[in-house]
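See below for the structure under consideration.
The values are calculated or read from the model by the stated rules, or taken from the named source; none is laboratory data. Please read all numbers here as calculations on a predicted model, not as lab measurements. Note that each Cβ is placed from the backbone with ideal geometry, even for glycine, and that neighbours are counted across all protein chains shown. Accessible surface areas use protein heavy atoms only, side chains included; no ligands, DNA or RNA. Shrake-Rupley method; radii C 1.70, N 1.55, O 1.52, S 1.80 Å.
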Amino acid sequence: MLYHPVKSRTSNETLRALGIERYRVATSDGTLIDVWYAPGDSLTFLLCHGNAGSNDDRLDQMRV
C-alpha cells in the first residue's frame, strides 16, 4: 500500500498555543478527515501532505 498512517498526534493544547484549530470533517461516505485551520489576516494556504505522514509531521510548515 502507498498510504502509511502515522499514529503520532499533536495535542489540541499545543495546536491552540500555535493558533491552530482542529476540526474533524465527515465526507459523504462517512470517512473522517482531520483538518487544521490557522486563521490569518489576508491569505488562505492549503497544505496537502501527500500519501506519507500526517499534519503532525508538517507542523513546522504551519507556523507563520
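Scan the stretch 1-35 for residues that are hydrophobic (A, V, I, L, M, F, W, C) and modelled with pLDDT of 85 or more and report the count.
8
Which of the residues spanning the stretch 10-37 are within 10 Å of the chain's Cα centre (by Cα) and assigned to a loop (DSSP other than H, G, I, E, B)?
10, 20
What are the residues in the stretch 14-23 that are of a type in the set (A, V, I, L, M, F, W, C) and exposed (fewer than 10 other Cβ atoms within 10 Å of the Cβ), if any?
Hit for the stretch 14-23 is 17, nothing else.
I need a count of the residues in the stretch 24-38 that are open to solvent by 70 Å² or more (accessible area, probe 1.4 Å) and within 21 Å of residue 60 (Cβ to Cβ).
1
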